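Asks: Handing you a structure now.
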């Protein structure tokens, strides 16, 4: 199989706080992980690509100092939303792939609500 | 700008009918195409992918790719109410990144 988990599944926080989201590949080693964001009735938008052991590559318009990504092992990547604001409220979804050109398997997503 | 376009729908078909979902893409460098199903409030799940011109069948699903027309489609035979979901088309370019369409909402009526 190719199972990807995310934690937490949902989080509510106050404006100005930081939130960390974990993405784990449970039964395979993921050299590459991707972080997406999806607003209501919109499609998935790629935020960044992370490769194990190296710095993440961010898409144009995504603030790397606000969305901190760490891919410290072949099974774990984390996304930290720093100083979250209400406009950061969204559905954050990670995907993991065995390699850069391999099929992406999606996690169940994390719903973030910033009050 | 690389774009993937889908009819937003909603598409409504009766149970047992064939549902046809369409997608066009602008990036001729796209090499592979993926169809994902997304239930409301859930993350996408992979249905199938295609990278060669022609048809690819997997159970009740058939993906079709026409690179000359930059067109991808998904046919669902014998549609079931459980197939009701949003279907996302995605293209993968030479940079290995997926570009998603906005999705087509499919409703299968019992």
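The values are calculated or read from the model by the stated rules, or taken from the named source; none is laboratory data. Since this is a predicted model, take the numbers as computed values, not measurements. With ideal geometry, Cβ positions are generated from the backbone for all residues, glycine too; neighbour counts draw on all protein chains shown.
Asks: Going through the stretch A:36-67 one residue at a time, which ones are buried (at least 21 other Cβ atoms within 10 Å of the Cβ), more than 12 Å from every other protein chain (Cβ to nearest Cβ) and either more than 24 Å from residue B:42 (Cβ to Cβ) or touching a residue at least 40 places away in the same chain (Cβ under 8 Å) (or both)?
Replies: The answer is A:56, and nothing else.
Asks: Here's something else I'd like to know. Looking only at the stretch B:52-70, how many residues end up being exposed (fewer than 14 other Cβ atoms within 10 Å of the Cβ) and either under 24 Å from residue B:85 (Cα atoms) or in contact with a strand residue (DSSP E or B) (Cβ under 9 Å, 6 or more places away or on another chain) (or both)? Lay out the reasoning, then the answer.
Replies: First pass over the stretch B:52-70, keeping only residues exposed (fewer than 14 other Cβ atoms within 10 Å of the Cβ): B:52-55, B:57-59, B:66, B:68-69.
Imposing the further condition that a residue be either under 24 Å from residue B:85 (Cα atoms) or in contact with a strand residue (DSSP E or B) (Cβ under 9 Å, 6 or more places away or on another chain) (or both) reduces the set to B:52-55, B:57-59, B:66, B:69.
Matching residues across the stretch B:52-70 total 9.
Asks: OK, next. Quick one: how many residues across the stretch B:82-110 are under 12 Å from residue B:13 (Cα atoms) and not in a strand (DSSP E or B)?
Replies: So the count comes out to 3.
Asks: Checking residue A:112 against (1) modelled with pLDDT of 95 or more; (2) more than 14 Å from residue B:42 (Cα to Cα), which single condition isn't satisfied?
Replies: Unmet for residue A:112, out of (1) modelled with pLDDT of 95 or more; (2) more than 14 Å from residue B:42 (Cα to Cα): (2).
Asks: For residue A:91, work out the one condition from (1) out of contact with any helix residue (DSSP H, G or I) (no Cβ under 9 Å at 6 or more places or on another chain); (2) more than 10 Å from every other protein chain (Cβ to nearest Cβ) it doesn't fulfil.
Replies: Looking at each condition in turn, residue A:91 falls short on (2).
Asks: Can you name every residue in the stretch A:95-105 that is within 9 Å of chain B (Cβ to nearest Cβ) and either buried (at least 17 other Cβ atoms within 10 Å of the Cβ) or touching a strand residue (DSSP E or B) at 6+ places or on another chain (Cβ under 6 Å) (or both)?
Replies: Answer for the stretch A:95-105, where residues must be within 9 Å of chain B (Cβ to nearest Cβ) and either buried (at least 17 other Cβ atoms within 10 Å of the Cβ) or touching a strand residue (DSSP E or B) at 6+ places or on another chain (Cβ under 6 Å) (or both): A:95, A:97, A:100, A:104, A:105.
Asks: Looking only at the stretch B:87-110, count every residue that is more than 12 Å from the chain's Cα centre (by Cα), buried (at least 17 other Cβ atoms within 10 Å of the Cβ) and in contact (Cβ under 8 Å) with a residue 24 or more places away in the chain and tell me the total.
Replies: 4
Asks: To continue, here is another question. Residues of the stretch B:41-52 being under 22 Å from residue A:102 (Cβ atoms) and in a loop (DSSP other than H, G, I, E, B), which ones?
Replies: Initial filter on the stretch B:41-52 (under 22 Å from residue A:102 (Cβ atoms)): B:43-52.
Those that are under 22 Å from residue A:102 (Cβ atoms) and in a loop (DSSP other than H, G, I, E, B): B:43, B:44, B:51, B:52.
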